[in-house]
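Chemist: First the structure, then my questions, so here it is.
The values are calculated or read from the model by the stated rules, or taken from the named source; none is laboratory data. As the structure is a prediction and not an experimental result, all values here were calculated from the model. Don't worry about glycine lacking a Cβ; one is built from the backbone with ideal geometry, like all the others, and counts go over all protein chains shown. SASA here: full protein model, heavy atoms, side chains in, ligands and nucleic acids out. Shrake-Rupley method; radii C 1.70, N 1.55, O 1.52, S 1.80 Å.
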Amino acid sequence: MDLHTKLKILGAAAKYDVSCSSSGSSRRNRPGGLGNASLPGICHSWSDDGRCISLLKILFTNRCVFNCLYCVNRATADVPRATFTPDEVAQLTINFYKRNYIEGLFLSSAVYKNPDYTMELLIATVKKLRNQYHFNGYIHLKVIPGADPLLIAEAGKYVDRLSVNIELPSSQGLQLLAPQKNRDSIIRPMEFIHSKILQTREERKLYKSTPLFVPAGQTTQLIVGATPDNDLKILKLSESLYKRFSLKRVYYSAYVPVTQHPNLPAISSPPLMREHRLYQADWLLRFYGFKADELLDENQPLLNTEIDPKSAWALRNLHLFPVEVNSADYEMLLRVPGIGVRSAKRIIAARRYSSIDFETLKRFGVVLKRARHFITCRGKFYGERNIDELTLYQMLKPSSSQSSGAKPSSEQLTFSSLYPHLFQPQDFHTVITGEM
Amino acid sequence: MVYYIYDGSFEGLLTAIYEAYYRHQNPEKILSSDSIQDNLFIQHVYIKADQEKAERVYSAIVHKISLAAAKKVLYAFLSESPDAATAIYRYLKLGFKLGKSVDSALADPYVFRVHALHKKVSQEAGKMLGLVRFRLLKNGIFYAPIEPDFNILGIIVPHFKRRMSAHDWIIHDLKRKIAAFYSQGQYIIVPFELSGALPLDEEEFDYQTLWKEYFQNIAIQSRINPRLQRQFMPVRYWKHLIEKPGTHDKA
Ligand code: SF4
């Protein structure tokens, strides 16, 4: 089979994996070597579905002995199969990288023969890239569920990021749809990677020469809408993953119906809006100081699809508003609908210098259409007086023209500059366009 | 009313700022010589670029305001926006009074403008880091044409210097007719125009095809979203990409 056919099959097979991020690692190039990993991550193109292409994302093979029902590559599916050699993957990566098509490699695989055998092939590939081709670009490697921890430890020495997919938000879900996987085969490797990262960090404090171990940390991905698990359950899970294993990201992937089965929901299109709301809520957990319990509870376990989770929260907590922009603390400013991380920071910085008027807020990127109902500015309230929650709800709801189609679910990095002598580390802190 | 007219170079602009200060003049605007319009009521003062004066202003910015301010000024300048020079002048004037806290004075329209221009330019530079596409030429050199909105070539070159240090390469800004040439740890940026097509390495076609095929294959059919794609990757950048956005397999 020629390389073109293999790439077609194994590229297409990997496309449902959503993680595009190449961020979080700053690996330096070495003399005579090729490439480095850039801290904020770089998108090289955007595919026709609007997703950022940063890494060459391929499966090593799509020959699988497992039979997860939601997966196109499951053992019983009738699809063309292909397998790369480690050298083919290395050549492709190097040549794409030199032409600046990609930022690095995201290598995943189906379970070929057994988890350890597959893991060994993946390790052989990344070793070749690092040692033989002197490649210093970004590598993200998927951990095959059930692989030996020793192999995971070995892989971690060569790659920037490892990830173990949670796949489904509950054990029952796994049992039903991915019977060969179980909670243990997923959570244990995560736990192991986490403790290994902590251990390496301690050792590097003492001995500078301790080799790196997945410097960009670990992430995971889960499928939304293939099981009856509600948003509260999903957000609670994410919250504890961030807390317990310091995960860098949890990626949510709307279930794309690839096949029919009595255990699978009968839907015709992926639940994109739900996925989008989960990303927004996840963002609130990570950057806005919210807790999952504040956003949802047992009586209301699903995120509202009509309005964003922050507005929904504010509407339930109207007694906390309005707040004065010239005196409210940062945490509270962040909770105002229409004020994002960037505009909140601007407000805090600018008001040290002079008090802020309403016009200035607009220039700071505050979305006044929303925010005006929740703030006062120099004591003055600019919203409608005496309106009830329902009317306000209608006003916060995007008009139907705005809400058509899903909004971007991936965060974009606003990247700054590279003039070495003008280089400022704080440039890397400007991250957000997911302003809410 | 007085306008200062400078030659369009960064040194020229800094010289104009130097003169405004030492002549105790307060020009209404500072404009580049290619963006002036005749007006009877306005006196045009032509400023000749002077390396030494420019350097004195530059070091004053770094020491009296901050390195970050120097970077903002440079980036705003590279936007080539007609109002950039005036905004920079007023921003610096306030900066020499307030020191590094000038960057908090966002309520001032000129400070805000400089920040906004800086952001636009660094955003495009950031985008360009990904959108540059090298072609391997017969002679082993990697060549990439670009046509950015702003003059960002100088900003992006150090990135490729770090990354592609063991190869020879050229990044060519076709719009401004300048190119960066890199070889063995050194680069220069010089005026440059091509007279004909460049002969490509044989391998090149194969990798271009592989990349195109990969690109077409990875879009998820049920999620096709051209609007989103264009929002991130405006169509004006597509010309020099190898992949052809908007051509996903209909199958
Ligand atoms: S193990 Fe992975 S590739 Fe194999 S069927 Fe399950 S999800 Fe698909």
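Chemist: Between B and A, buried accessible area summed over both sides at probe 1.4 Å, in Å² to the nearest 100?
Modeler: 6300 Å²
Chemist: Any lysines with Cα under 20 Å of the B:LYS119 Cα? List them, leaving off those in the same chain fewer than 8 positions away.
Modeler: Qualifying lysines at Cα under 20 Å: A:LYS345, A:LYS362, B:LYS71, B:LYS72, B:LYS100, B:LYS127.
Chemist: With Cβ to Cβ distances under 14 Å as the rule, what net charge do the other residues near A:GLY225 carry (K, R +1; D, E -1)?
Modeler: Around A:GLY225, the charge tally is 0.
Chemist: Indicate the residues belonging to region B:56-95 that lose 20 Å² or more of solvent-accessible heavy-atom surface (probe 1.4 Å) upon moving from the chain alone to the assembly of all protein chains, ignoring ligands and nucleic acids.
Modeler: Relative to the lone chain, where solvent access is computed with a 1.4 Å probe, region B:56-95 loses at least 20 Å² at B:TYR58, B:LEU67, B:ALA68, B:LYS71, B:LEU74, B:TYR75.
Chemist: Out of all DSSP beta bridges in chain B, what portion is antiparallel? Express it as a percent rounded to 5.
Modeler: Bridges in chain B that DSSP calls antiparallel: roughly 50 percent.
Chemist: Quick one: dipole size for region B:135-240, taken about the Cα centre, charges +1 on Lys/Arg Cβ and -1 on Asp/Glu Cβ, in debye to the nearest 20.
Modeler: 580 debye
Chemist: Something else: With the dipole of the protein assembly as shown worked out from charges on the C-beta (+1 for Lys and Arg, -1 for Asp and Glu) around the Cα centre, which of A:PRO228, A:ALA178, B:TYR6 lies farthest toward the positive end?
Modeler: B:TYR6
Chemist: To continue, here is another question. May I ask what percent, to the nearest 5, of DSSP beta bridges between residues of chain A are antiparallel?
Modeler: Details: 6 of 30 bridges.
Percentage antiparallel, nearest 5: 20.
Chemist: Something else: What are the ³J(HN,Hα) values, in whole Hz, obtained from phi via the Karplus relation 6.51 cos²θ - 1.76 cosθ + 1.60 with θ = phi - 60°, for each residue of region A:308-325 in sequence order, with x given for Gly and Pro?
Modeler: Once rounded to whole Hz, the list reads 6, x, 6, 4, 4, 5, 4, 5, 6, 10, 4, 5, 7, 10, x, 10, 7, 5.
Chemist: According to a simple spin-label model (label point 7 Å from Cα along Cα-to-Cβ), what is the distance in nm between B:GLN221 and B:LYS48?
Modeler: The two pseudo-label positions are separated by 7.1 nm.
Chemist: What ranking of A:MET395, A:MET332 comes out by heavy-atom accessible area, probe 1.4 Å, highest first?
Modeler: Output order, biggest surface exposure first: A:MET395, A:MET332.
Chemist: Here's a follow-up. Using only Cα atoms, locate the centre of region B:157-235 and the centre of region A:295-371, then give the distance between them in Å, rounded to an integer.
Modeler: Centre-to-centre (Cα) distance: 41 Å.
Chemist: Kindly sort A:SER354, B:SER122 by accessible area of their heavy atoms, largest first, with the probe set to 1.4 Å. Display every interim value, and only then the final one.
Modeler: Working: A:SER354 45, B:SER122 5 Å².
Listed by decreasing accessible area, they come as A:SER354, B:SER122.
Chemist: Here's another thing I want to ask about it. Can you give the local net charge around A:ASP293? Use residues other than it whose beta-carbon is closer than 11 angstrom to its beta-carbon, Lys and Arg +1, Asp and Glu -1. Kindly include the intermediate steps, with their values, before the conclusion.
Modeler: Values: positive: A:LYS236, A:LYS291; negative: A:GLU239, A:GLU294, A:ASP297, A:GLU298.
Result for the local shell: -2.
Chemist: Checking the table A:LYS15/A:LYS142; A:LYS233/A:LYS291; B:LYS161/B:LYS244 against a 19 Å threshold on Cα-Cα, which pairs fail?
Modeler: On the way: A:LYS15/A:LYS142 14 Å; A:LYS233/A:LYS291 13 Å; B:LYS161/B:LYS244 27 Å.
Long pairs (Cα-Cα over 19 Å): B:LYS161/B:LYS244.
Chemist: Please report the spacing between the Cα centers of region A:89-159 and region A:227-279 in Å, no decimals.
Modeler: 26 Å
Chemist: Right, something else. Please check: in the Gaussian network model of chain A (C-alpha springs, under 10 Å), which one of A:ILE356, A:ILE186, A:ILE223 has the largest mean-square fluctuation.
Modeler: Result for chain A, Cα springs under 10 Å: A:ILE356 fluctuates most.
Chemist: Ignoring any ligand, DNA or RNA, what whole percent of the accessible area of chain B comes from carbon and sulfur when the probe is 1.4 angstrom?
Modeler: Carbon and sulfur atoms account for 53 percent of the accessible area of chain B.
Chemist: When the accessible area of each residue in region A:48-78 is compared between its chain alone and the complete protein assembly (1.4 Å probe; ligands, DNA and RNA ignored), which residues differ by at least 10 Å², being lower in the assembly?
Modeler: Relative to the lone chain, where solvent access is computed with a 1.4 Å probe, region A:48-78 loses at least 10 Å² at A:ASP48, A:ASP49, A:GLY50, A:ARG51, A:ILE53, A:LEU56, A:LYS57.
Chemist: Run the numbers for A:GLU154 and A:LYS208: contour at 0.36 nm per residue of separation, minus the present Cα-Cα distance, in nm.
Modeler: Full extension from A:GLU154 to A:LYS208 adds 17.5 nm.
Chemist: Tell me, what ³J(HN,Hα) does each residue in region A:248-254 have, in order and in whole Hz, if you take phi through Karplus 6.51 cos²θ - 1.76 cosθ + 1.60 with θ = phi - 60° and put x for Gly and Pro?
Modeler: 6, 8, 10, 9, 10, 10, 4
Chemist: Search the structure for amide H atoms under 5 Å from the amide H of A:LYS57, placed 1.01 Å from N in the peptide plane, and list their residues when 5 or more places away or on another chain.
Modeler: A:PHE106
Chemist: Starting from the amide H of A:TYR251, placed 1.01 Å from N in the peptide plane, find each other amide H under 5 Å away whose residue is 5 or more places distant or on another chain.
Modeler: HN-HN under 5 Å from A:TYR251: A:THR220, A:GLN221, A:LEU222.
Chemist: Please give the charge dipole size of region B:76-185, origin at the Cα centre, charges +1 on K and R Cβ atoms and -1 on D and E Cβ atoms. Round to the nearest 20 debye.
Modeler: Working: 17 positive and 9 negative charges, 40 e Å.
That gives region B:76-185 a dipole magnitude of about 200 debye.
Chemist: Using 0.36 nm per residue, how much length does the chain from A:ASP78 to A:GLU294 gain when fully extended, once their Cα-Cα distance is taken away?
Modeler: Numbers: separation 216, 0.36 × 216 = 77.76 nm, distance 4.54 nm.
Roughly 73.2 nm would be gained on extension.
Chemist: Then there's this: Between A:SER355 and A:PHE287, what FRET efficiency follows from the Cβ-Cβ distance if R0 is 25 Å, with the result rounded to 0.05?
Modeler: The formula returns an efficiency of 0.40 here.
Chemist: For chain B, modelled as a Gaussian network with Cα springs under 10 Å, which listed residue fluctuates most, B:LYS138, B:LYS127, B:LYS72?
Modeler: B:LYS138
Chemist: Cα axis of helix B:202-218 to longest principal axis of chain B: angle in degrees, 0 to 90, nearest 10?
Modeler: 90 degrees
Chemist: Placing +1 on the Cβ of each Lys and Arg and -1 on the Cβ of each Asp and Glu in the protein assembly as shown, which of B:LEU194, A:PHE84, B:VAL157 has its Cα farthest towards the positive end of the resulting dipole?
Modeler: B:VAL157
Chemist: Applying the Karplus parametrisation 6.51 cos²θ - 1.76 cosθ + 1.60 with θ = phi - 60° to the phi angles of region A:90-102, what ³J(HN,Hα) value in whole Hz is obtained for each residue in order, glycine and proline being reported as x?
Modeler: Along region A:90-102, the couplings run 4, 4, 4, 4, 4, 6, 5, 5, 4, 8, 6, 7, 9 Hz.
Chemist: Something else now. Which lysines, on any chain, are close to B:LYS48 with Cα under 21 Å apart, when same-chain ones fewer than 8 places away are left out?
Modeler: Within the straight-line cut-off, B:LYS48 pairs with B:LYS29, B:LYS93.
Chemist: Compute a Gaussian network model of chain A, connecting alpha carbons closer than 10 Å, and tell me which residue from A:LEU318, A:LEU235, A:LEU295 fluctuates the most.
Modeler: A:LEU318
Chemist: Which residues' amide hydrogens lie under 5 Å from the amide hydrogen of A:VAL164, considering only partners 5 or more residues apart or on another chain, with H built in the peptide plane?
Modeler: Hits under the 5 Å cutoff: A:VAL143, A:THR219.
Chemist: Please name the residues of region A:319-359 whose accessible area, counted over protein heavy atoms with a 1.4 angstrom probe, falls by no less than 40 Å² between the chain alone and the full protein assembly.
Modeler: Buried by 40 Å² or more upon assembly, which counts only protein chains, are A:ARG346, A:TYR353.
Chemist: What aspartates and glutamates sit close enough to B:LYS177 to cross-link, taking a C-alpha to C-alpha distance under 14 Å and skipping anything fewer than 8 places away on the same chain?
Modeler: B:GLU147, B:ASP149, B:GLU193
Chemist: Using a probe radius of 1.4 Å on heavy atoms only, what accessible surface per residue do you get for region B:135-240? Whole Å² is fine.
Modeler: 47 Å²
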